[in-house]
Amino acid sequence: MRARKAILPDALLIHRLIDQYTHDSTLLPRSLAEICENIRDFTVVEHKGDILACGALHFYGTHLAELRSIAVDHA
């Protein structure tokens, strides 16, 4: 297992991870376009090429940031 910065080809898998938690309102839904736009905010955990988890650190300014879209695959 390793953690790495997300890249644009990861966006669809990140979207699927987050979507697992939106139906019960655990996480706010994020559109694929929004994930693509903010892909630099994301870090993923992968194992043998499969993305198992993700999280984002979004900066709003020099003194304000938000941890968001933290998800771990149900499988």
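The values are calculated or read from the model by the stated rules, or taken from the named source; none is laboratory data. Just so you know, these numbers come straight off a predicted model, no measurement behind them. When we count neighbours, we look across all protein chains shown, and the Cβ atoms used for this are built from the backbone with ideal geometry, even at glycine. Areas reflect the complete protein model, heavy atoms only, side chains present, ligands, DNA and RNA absent. Shrake-Rupley method; radii C 1.70, N 1.55, O 1.52, S 1.80 Å.
Residues that are touching a Lys or Arg at 6+ places or on another chain (Cβ under 8 Å), surrounded by 14 or more Cβ atoms within 10 Å (Cβ to Cβ), closer than 18 Å to Val72 by Cβ and without any contact (Cβ under 8 Å) to a residue 40 or more places away in the chain do not occur anywhere in the stretch 26-38. Of everything in the stretch 39-75, what is open to solvent by 50 Å² or more (accessible area, probe 1.4 Å) and charged (D, E, K, R)? Give them in sequence order. Residues satisfying the conditions are Arg40, Lys48, Asp50, Glu66, Asp73. If you filter the stretch 3-34 down to residues that are out of contact with any His (no Cβ under 8 Å at 6 or more places or on another chain) and among the charged types (D, E, K, R), you find that the one that is farthest from Leu57 (Cα to Cα) is Asp24.
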